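This report refers to the structure that appears directly beneath it.
The values are calculated or read from the model by the stated rules, or taken from the named source; none is laboratory data. It should be emphasised that the depicted structure is a prediction, and the values quoted were computed from it without experimental measurement. Cβ placement follows ideal geometry from the backbone for every residue including glycine, while neighbour counts extend to all protein chains displayed. Remember, those area values only see protein heavy atoms, side chains included, never the ligands or the DNA or RNA. Shrake-Rupley method; radii C 1.70, N 1.55, O 1.52, S 1.80 Å.
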Protein chains: 2
Amino acid sequence: MAERPIGDRRRIPEATVARLPLYYRALLETGEMGIATVSSERLAELAGVNAAKVRKDLSYLGSYGTRGVGYDAEYLLHQIARELGLSQDWPVAIVGAGNLGQALANYRGFGARGFRVVAVLDADPRKLGLEVAGLAVEAFADLDDIVVGRKVTIGIIATPGHAAQEVADALVAAGVGSILNFAPTLVAVPAEVSMRKVDLATELQILSFYQLRRALLDQPRAAR
Amino acid sequence: MAERPIGDRRRIPEATVARLPLYYRALLETGEMGIATVSSERLAELAGVNAAKVRKDLSYLGSYGTRGVGYDAEYLLHQIARELGLSQDWPVAIVGAGNLGQALANYRGFGARGFRVVAVLDADPRKLGLEVAGLAVEAFADLDDIVVGRKVTIGIIATPGHAAQEVADALVAAGVGSILNFAPTLVAVPAEVSMRKVDLATELQILSFYQLRRALLDQPRAAR
DNA sequence: CAGACTTTGTGAGTCTGTGCACAAGGTCGA
DNA sequence: TCGACCTTGTGCACAGACTCACAAAGTCTG
């Protein structure tokens, strides 16, 4: 079972990347339970996917299983962590010290795996110095220095929508390579920066779509 | 341009459903700017997708555009809202009055479009009565009465991971049809209930994956 | 040491989603 | 009324993701 160098293999499909964190979490749990070996079947159950998918996903990382036995839980955990870059340290800056920004900063198990909040910023002078999760809120104007000085690689946008693009531009200009956007607005970034977005309103509207269908099934008269 | 009854047409692909909220938001903006007619090209730009996709997506709703002209912004907005069920009222209950639960309850533009937080619950007796977004925190034990009495259709799980499954079970038992899960755990629900999940750790790990690749491109020696 | 048994890794087929390119259909000016 | 022009709606080809089914490769028992 030789470790293959990162990146030096066939491209890992996006859908697979999105599932690796699930496997990672599942393996952490089996680890706590002291289980040494785990089959794709079991792992599938723990991650809420099907077994064939698990095997194919893991095969992109290399042949880390043993036929007839399963996967060595600890070794596989290590491999996935390595692949996801969790053995590295990723300093995170949160922009926006409102309700959401504070909640995110206080999120436990955040710093846990390599992610460490090193700054919380806000443009509102009244928020300056406010203590959030053990950090003093700093001025948005100092973003550049903070990003460079503390080697921030991931920026989290937790501002109102209208400020989001400006914040994103500033993050990119400062050299941040990854952005997680919680603001409900379209934010454009250069192709070499990755951005993911989390939007409460969108999620609720999707739920509402399906909820409506189900409601109509029960009483088809309500065609509104 | 006749309105077709909801549900009574070819099935709308999941990917399209996930984009309707984007179009909805874009149309709200054009509305504020007083723009009466919008082309697929323009809408694509505002929503951050490509024009062909916009046209195909909208075509699933019916033929609501005019060739040579574009779409009537207000009418289209109305149609999308109808399709997403935004003309209805969806009472929402938030379970978990911690940092995240409070942040979600205070989220502006939440109640805006049909979604209305009608209860915030917590199992911790010390949280009882605490005022969050104008609501007193109520006991988790009262979930059933609250859901039934206030006709809650959407439940939001904002508890620590270990409580999530129990909360989900209780929500389902009480009759909630849609769940939005913020807890970082696998939660199983019956097929007739829809659930979407938002997981900060997963998002960060995905970003970290791609960030790592970029870092390796810059200095290929660091194979760790 | 052989054969039964278990579980991985993957080829092949199917389904879903994307994007191009263009005919169909409508507007507008002369 | 006619023709130039514009934009929608969609057929088609392609790419990505999912699932099945099974050969390959290992373990374990007698």
Inset, instruction - Identify the residue in region B:12-51 that is facing another protein chain (nearest Cβ under 10 Å) and of a type in the set (D, E, K, R) and, among all such residues, is farthest from A:ALA188 (Cα to Cα). - result: B:GLU14
Legend entry - Subset tally (residues that are in contact with a strand residue (DSSP E or B) (Cβ under 8 Å, 6 or more places away or on another chain), more than 10 Å from DNA strand C (Cβ to nearest atom) and part of a loop (DSSP other than H, G, I, E, B)) for region A:62-97: 3
Inset, instruction - Considering each of A:VAL189, A:VAL198, A:VAL148 in turn, give the residue that is hydrophobic (A, V, I, L, M, F, W, C) and in contact (Cβ under 8 Å) with a residue 24 or more places away in the chain. - result: A:VAL148
Inset, instruction - Tell me which residues, restricted to region B:168-203, are modelled with pLDDT under 95 and touching a Lys or Arg at 6+ places or on another chain (Cβ under 6 Å). - result: none
Inset, instruction - List the number of the failed condition for B:ILE206; all other conditions in (1) open to solvent by less than 60 Å² (accessible area, probe 1.4 Å); (2) farther than 23 Å from B:GLU14 by Cα; (3) at pLDDT 95 or above hold. - result: (2)
Inset, instruction - Report, by residue number, each residue of region A:117-176 that is closer than 25 Å to B:ARG108 by Cα, assigned to a loop (DSSP other than H, G, I, E, B) and not acidic (Asp, Glu). - result: A:ALA123, A:LEU128, A:GLY129, A:LEU130, A:ALA133, A:VAL137, A:ALA158, A:THR159, A:PRO160
Inset, instruction - Taking A:MET33 as meeting all but one of (1) over 22 Å from the mean Cα position of the chain (by Cα); (2) within 12 Å of DNA strand D (Cβ to nearest atom), write down the number of the exception. - result: (2)
Inset, instruction - Might you check whether a residue that is open to solvent by 40 Å² or more (accessible area, probe 1.4 Å), within 16 Å of DNA strand C (Cβ to nearest atom) and not polar (S, T, N, Q) occurs anywhere in region A:43-50? - result: yes
Inset, instruction - Tell me, please, whether a residue that is in a strand (DSSP E or B) and modelled with pLDDT of 90 or more can be found in region B:54-61. - result: no
Inset, instruction - Collect the residues in region B:120-144 that are at positive phi and surrounded by 17 or more Cβ atoms within 10 Å (Cβ to Cβ), keeping them in residue-number order. - result: B:ALA133
Inset, instruction - Of the conditions (1) more than 13 Å from chain A (Cβ to nearest Cβ); (2) within 16 Å of DNA strand D (Cβ to nearest atom); (3) buried (at least 21 other Cβ atoms within 10 Å of the Cβ), B:GLU83 clears all except one; give me its number. - result: (1)
Inset, instruction - Might you check whether a residue that is in contact (Cβ under 8 Å) with a residue 40 or more places away in the chain and either outside the structural domain of A:ALA174 (by TED's automatic domain parsing) or within 26 Å of B:GLY98 (Cα to Cα) (or both) occurs anywhere in region A:105-118? - result: no
